[in-house]
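The block underneath contains the structure these notes are about, expressed in structure tokens.
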Amino acid sequence: MTDTTPPWSLASAAVYQAPDAATGAIAPPIHVSSSFQYDEAIYQEVVAGARETVNIYGRCGNPGERLFQDHLARVEGADAVLATASGMAAVTTTLFGLLKQGDHLVCDWTTYSSTHEFLAHRAPDFGIETTFVDMADAAAVRAALRPETKVLYFEAIANPTMKVVPIAPLAALAEERGLVLVCDNTFASPAVLRPLEHGVDLVIESASKFIGGHNDVIGGAIALRAGRLPADFLERLRWNTMVKWGAPIAPFSAWLLDRGLQTLPLRVERQCENAAGLAAFLEAHPAVERVCYPGLPSHPQHEIAKAQMPRFGAMLAFDVGSEPRALAVVTALKLASFAASLGGVRTVTQIPGTMAFLDIPEAERARMGITPGMVRISAGIEALEDLQQDFAQALGVLGTGGGR
């Protein structure tokens, strides 16, 4: 991180942009060039190994990418940030940068489908093994450790069940055993939780979601708290792994994410309010069998969430008993959208069991707590009363049967 702004509050750190040094512009420029002109002095710097501060080639770094990285580091409370082409690029770059053939990691059972599939079915091709456990159970995590274990991996709010893992026991175990603690913070975002402040070493964000916030950009980021990992770990990761995988973020994507950061606290505050209002409404609806939202007292980890997060997030899920009933509800929505992804200003729904998690075997989905009738909601910034009316009329297509 190269920025030296004061330690402002989240809202101020998010909105602040240093003026462009060349023009004084308060909005950052977009540098679309893939190549940069050398002179003899720059050439000598490159030969001497000064790669972080010199523009070499677009795949190796871009001025706009560095602006976004510094901006996000302020918001995350990180020592450094590395931007990537997507959230999954952040996941795979992190894990391949930390692990090699013969290594082992422990991961929570409930993780994003592509992450779970990668760890269960692709990483073993490279000699990397994963043990999946309930990471809310510290004894189960400890029992899963091996001499070759290097990483503990979990999601701050799990996709799509909204499970919340207590971080403090994992941080203590990582410190005791010299492990790297990695948290995917996508469902929370730094506006809800800053895991680095709780003892996590690396935070992964699918920045396509709440950080971008408008369903119009793909990108990822890795944030570092130095300590168990060296301060230059992300620069090493850039050159040893990310550049070799060919997974840099595009200049326009970095610019969109940088812009999205400025309104992150405002958007997420409204989204969390809408999620809480929808959760209470759905929990009282007779056609709904259960609601998964950390802000509800009925949530299994409600007290953990209350202790760890000032807000309970903008994601929730509810169950109407079967996939046909779930499909009937989401296709009847008029204001909320039935689509993939999450985190944008518009409320979006999906049926995770047959959409995002379709490639996960049914038995594994069941173990994660993903049921056929589950509907996932990413709350947007619409008027809550309009959203509640929209879900009321959509649930109305189910009639009086089913539910509770």
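Every read-out reported here was derived from the displayed coordinates using simple, explicitly stated rules and does not represent laboratory data. None of the values given here were measured: they were computed from a predicted structure. Using ideal geometry, Cβ is built from the backbone for each residue, glycine included, and neighbour counts are taken over all protein chains shown.
State the answer as a single residue: which of 398, 233, 383 lies farthest towards the positive end of the charge dipole of the chain, with beta carbon charges of +1 for Lys and Arg and -1 for Asp and Glu, about the Cα centre.
Positive-most Cα among the choices belongs to 398.
DSSP loop (so not H, G, I, E, B), at most 15 other Cβ within 10 Å: list which trypsin sites (Lys or Arg not before Pro) in segment 312-392 pass both filters.
Those satisfying the criteria are 334, 346.
So what is the orientation-averaged projected area of segment 264-398, using the convex hull of its C-alpha atoms, in nm²?
Dividing the Cα hull surface by four gives the mean projection, 7.8 nm².
Would you work out the relative contact order for the chain, in percent, from Cα pairs under 8 angstrom that are 6 or more residues apart?
The normalised contact order for the chain reaches 17 percent.
Can you sort 183, 272 by how many other beta carbons sit within 10 Å, fewest first? Walk me through the numbers on the way to the answer.
Values: 183 27, 272 22.
Sorted ascending by nearby Cβ count, the order is 272, 183.
Could you give the size of the charge dipole of segment 345-404 about its Cα centre, using +1 on the Cβ of each K and R and -1 on the Cβ of each D and E, expressed in debye and rounded to the nearest 20?
200
Taking the Cα atoms of segment 134-217 alone, what are Rg (to one decimal) and Dmax (as a whole number) in Å?
So, for segment 134-217, Rg and Dmax equal 13.6, 44 Å respectively.
Out of the DSSP beta bridges found with both residues in the chain, what percent are antiparallel (nearest 5)?
In the chain, DSSP labels about 55 percent of beta bridges as antiparallel.
Taking neighbour counts of Cβ atoms within 10 Å as a proxy for exposure, in what order, fewest first, do 258, 134 appear?
134, 258
So if we plug the beta-carbon distance of residue 331 and residue 367 into 1/(1 + (r/R0)^6) with R0 = 25 Å, what FRET efficiency do we get, rounded to 0.05?
With a Förster radius of 25 Å, E is 0.30.
Please sort by residue number the trypsin sites (Lys or Arg not before Pro) in segment 63-100 whose DSSP state is loop and whose Cβ has at most 11 other Cβ atoms within 10 Å.
For trypsin sites (Lys or Arg not before Pro) across segment 63-100 that sit outside H, G, I, E and B with at most 11 neighbouring Cβ atoms in 10 Å, the list reads 100.
Taking the radius of gyration and the Kirkwood hydrodynamic radius from Cα positions alone, what is the Rg/Rh ratio for segment 68-185, to two decimal places?
Ratio value, two decimals: 0.95.
Tell me, 189, 113 in order of fewest to most beta-carbon neighbours within 10 Å?
113, 189
In vacuum, with every alpha carbon of the chain counted as one equal point scatterer, what does the Debye formula give for log10 I(q)/I(0) at q = 0.08, 0.09, 0.13 Å⁻¹? Two decimals, please.
Log10 of I(q)/I(0), two decimals: -0.43, -0.54, -1.09.
Name the helices (complete DSSP H segments) of the chain with a Cα length along the long axis of 27 Å or more and a Kyte-Doolittle mean of at least -1.0, or state none.
251-283
Taking only the alpha-carbon positions of segment 1-123 and ignoring solvent, what does the Debye formula give for the base-10 log of I(q)/I(0) at q = 0.15, 0.19, 0.20 Å⁻¹?
Debye intensities relative to I(0), on a log10 scale: -0.93, -1.16, -1.20.
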